[in-house]
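Take a look at the structure below.
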Amino acid sequence: MKLKLLLGTLIFTAISVNAQLSSINENFDSFNTGIGNPLPQNGWTSVLAGQRLYPDMANGNKYLQGYTFFSPNIPFYAITPQILAPNGSQSLSFTVALTAGSGGDGSIQVGLVSSDTDMSSFTPLGATVNITSSTPQTLSYAVPASTQQYIAFKFIGNVAHAAILIDDVVLTPAGTLGTNETVKSNENLRFAVTSDNTALQFISNKEPKNIQIYSASGQKAAEGKLKGHQFNISNLQSGVYYTVIETAEGKTISSKFIKK
């Protein structure tokens, strides 16, 4: 009986370790901090080339820090736990900034990979973003349907001792972008495609600050500010598009529309 119980425990443990996540909401608060506590932790792993990736803390806030050490201009990666294969209805967002006291600037790019040890399959979700300030900024991306089941954050420091942090990594559950042409994003923000298919018409108390539009393959198709609660989509081809909307309050909302 003891042997059977032990075997059952081992099987359960193996299943738990290999479980695929349907969503991610990681603020790194449960990680052990300091250069002596590098990845892997909590399912997050790294691929390095002389650099350092470890959770750190400032002003009571934990984050994941990428530090070039003495190896600038060489990519290194932080990789999430394995996720369910994306189905094209999810979005990814995270905050990024230079760590206070960083020795210089750097860049970050996020993508999907097939393995948490081999970055040769890295498929970008968007362009490389230069990080030049310690003021956090939020980056958001539509995640296309894919067989790749890991998200990788590609760090590059321009000089030795450059340090870049990421925090508040959120991958929405599948299906949260919606499927209708008229989308209710929340109680105070609605939009629909105009009858002539040339604009998105927003109905909200306050006009959103900014909108990014991505194709079904994850490529950015348009970005800008609204004019009179409308955003011009006349240059877009027919198809399914994903939106990342920054509200007047600074919140990020993901949704979806169809242009006929």
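The values are calculated or read from the model by the stated rules, or taken from the named source; none is laboratory data. Bear in mind the structure is a predicted one, so any value in this text is a computation, not a measurement. Cβ coordinates were reconstructed from backbone atoms using ideal geometry, including for glycine residues, and neighbour counts include every protein chain displayed. Each accessible area value is taken on the protein alone, full model and side chains, heavy atoms only, with ligands, DNA and RNA left out. Shrake-Rupley method; radii C 1.70, N 1.55, O 1.52, S 1.80 Å.
Only residues that are open to solvent by less than 40 Å² (accessible area, probe 1.4 Å) and in contact (Cβ under 8 Å) with a residue 24 or more places away in the chain were counted in region 224-233, giving 3.
Condition (residue is at pLDDT below 85 and of a type outside the set (Ser, Thr, Tyr)) applied to region 211-218: is it met by at least one residue? Within region 211-218, one or more residues are at pLDDT below 85 and of a type outside the set (Ser, Thr, Tyr). Each residue in region 234-260 was checked for being farther than 15 Å from Ser215 by Cβ, basic (Lys, Arg) and under 20 Å from the mean Cα position of the chain (by Cα), and 1 of them qualify. Of the set (1) within 12 Å of Ile166 (Cβ to Cβ); (2) without any contact (Cβ under 8 Å) to a residue 60 or more places away in the chain; (3) more than 14 Å from the chain's Cα centre (by Cα), all apply to Met57 but (1).
Leu236: of a type in the set (A, V, I, L, M), open to solvent by less than 40 Å² (accessible area, probe 1.4 Å) and modelled with pLDDT of 85 or more, yes or no? Yes, satisfied. Checking Glu187, Glu223 one by one, the residue that is of a type in the set (Asp, Glu), at pLDDT 85 or above and within 29 Å of Thr95 (Cβ to Cβ) is Glu223 and no other. Scan region 190-210 for residues that are open to solvent by 60 Å² or more (accessible area, probe 1.4 Å) and at pLDDT 85 or above and jot them down. Scanning region 190-210 gives Asp196, Gln201, Lys209. Can you pull out the residues in region 47-65 that are modelled with pLDDT under 95 and closer than 17 Å to Ile108 by Cβ? Correct list: Ala49 only.
Checked against (1) free of Cβ contacts under 8 Å to residues at least 24 places away in the same chain; (2) open to solvent by 60 Å² or more (accessible area, probe 1.4 Å); (3) within 24 Å of Val143 (Cβ to Cβ), Ala221 passes all but a single condition, namely (2). Say whether the condition of being β-branched (Val, Ile, Thr), under 15 Å from Gly157 (Cβ atoms) and surrounded by 20 or more Cβ atoms within 10 Å (Cβ to Cβ) is met by at least one residue in region 73-82. No, region 73-82 contains no residue that is β-branched (Val, Ile, Thr), under 15 Å from Gly157 (Cβ atoms) and surrounded by 20 or more Cβ atoms within 10 Å (Cβ to Cβ).
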